[in-house]
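The values are calculated or read from the model by the stated rules, or taken from the named source; none is laboratory data. What you see is a predicted model, and the numbers here were worked out from it, not measured in a lab. Neighbour counts run over all protein chains shown; Cβ positions are idealised from the backbone, glycine included. These area figures cover heavy atoms from the full protein model, side chains too; ligands, DNA and RNA do not enter into them. Shrake-Rupley method; radii C 1.70, N 1.55, O 1.52, S 1.80 Å.
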Amino acid sequence: EQAGGLRVLEDEDEGEVDVDEQAGGLRRIELQIVGAAHLPKMDVVGTVDAYCDVEFMGKKWTTGVKKNTYTPTWEERHVFEVRDCTADPGALQITVMDWDLMGGNDTVGQVVMSAAKMGKVVRGRCGWEEEREVVLRGEDGLNVVGQDK
C-alpha cells in the first residue's frame, strides 16, 4: 500500500491502541528511539554511523549520530504536539541513515506506522503507551539484513 509516497506493509501487525472515543483537542505524542541491532555495512571502509530521521504530521526530528557501530543505542525522546486529535495525522516514518563525511548519507532502512494506526495513537487514552521492536525495511520492501545475520 502506498501512503503519501511511503510503503506501508499490510502484513505488519501494528498492535492495539486503547482509544479514547471522547478524545478531542490538543495531544502530545512522545516517541522514544531506543536503538537498533544488526545494521548492515553501508560503506567500503568502516562501520555504520547511524542516526534516525523521523517524520510525523509534517514535522521532522533527527536523533544524534552514533558512530562506528552496527548496534547503536540512542535512548532519545521527542514530543510531537497534535493540535487536533480528531484530524488525520498521517503516517509516522522513521528512517535509519548512515552518516558519511564525504558524499551523501546512505539510507539503511525505514519503519512506517500507518496513518490508521497513528490516528488511533493520537486518540489513545491518556497514559497509554506501547513499546515494540520493529523490522527495518529497505527501499525494496524487504527486511534489512545486517552484517551478523
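Taking interchain pairs and intrachain pairs at least six residues apart, which have beta carbon atoms under 9 angstrom, with the first residue in region 119-134 and over 13 Å from Thr86 (Cβ atoms) and the second part of a helix (DSSP H, G or I)?
Qualifying pairs under 9 Å: Trp128/Val121; Glu130/Val121.
Which one is least open to solvent (accessible area, probe 1.4 Å) among residues in region 44-66 that are within 14 Å of Val108 (Cβ to Cβ) and among the charged types (D, E, K, R)?
Asp49
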